[in-house]
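Every number in this text was worked out from the coordinates using simple rules, so none of it is lab data. Keep in mind that what you see is a predicted model, and the values were worked out from it rather than measured. Glycine also receives a Cβ, built like all others from the backbone with ideal geometry; neighbour counts cover every protein chain displayed.
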Amino acid sequence: MSRKAEILEGLGGIVPALRRYSRALAAGAGHALADDLVQGALQSVGARIRAKELRPADLAEAKIEAYAALTAMAAKRLGPASRPAPRHPPIVHALAELPFDDRAALLLVSLEGLGYDSAARILATPREALLSRLMRARAALALDGLHSPDVGARRPVSHLRVVK
């Protein structure tokens, strides 16, 4: 099997990770749209590899290209009109409120576990800009009330305790 064929076959193995990222990036806009983005990104990268426009050295590089294609497609297709339904958890609503670039940066680093250099390459931005986006996104989520006392915060310590 040629290296190109191995890379194309290996792209099928990253579908679950791309789907997870796409669904979080769409922030409640719907699974159908998120799955369409994944399919479109994989088709785009596969076609570019077959046409020899893209010559990844290995599967890791092809994976970065797939994330970049998905992010670019999502930036075009996701608009401010796509908001999560009220039934979604608070984190989904908080993610939907973030600017697209900040949300993408946060998800690539925090959810997908990519390094800063890889995430910056996917977003086609300098590393410093990526770090600024991450800082803004993390600050916005911290201020968004996700850590308020009624949502998962620690309860005040009681003077009563259970004794066995």
Report summary line: Checked the range 76-119 against the a/c 1.5 cut and the a/b vs b/c comparison, axes a ≥ b ≥ c from its Cα gyration tensor; verdict oblate
Report task. Within the range 19-58, report the trypsin sites (Lys or Arg not before Pro) that DSSP leaves as loop and that have at most 11 other Cβ atoms within 10 Å. Result -> LYS52
Query raised in the report: What does the convex hull of the Cα atoms of the range 56-102 come to per residue, in Å³, rounded to a whole number?
Result: 95
Requested in this report: Subtract the Cα-Cα distance of GLU53 and ARG127 from 0.36 nm times their separation in residues, and report this length gain in nm to one decimal.
Outcome: 24.1 nm
Report summary line: Quick calc, GLU61 & TYR116: beta-carbon distance into FRET formula, R0 22 Å, rounding 0.05, result 0.85
Report summary line: Over the range 1-74, the quotient of the Cα radius of gyration and 2.2 N^0.38 Å is 1.07
Query raised in the report: Taking the alpha-carbon set of the range 19-127, what are its Rg and Dmax in Å?
Result: 14.0, 45
Query - Those GluC sites (Glu not before Pro) in the range 1-75 that DSSP places in a loop and that have at most 15 other beta carbons within 10 Å - result: GLU53
Requested in this report: For the range 22-135, give the magnitude of the charge dipole about the Cα centre (Cβ charges: +1 Lys/Arg, -1 Asp/Glu; no others), in debye to the nearest 20.
Outcome: 240
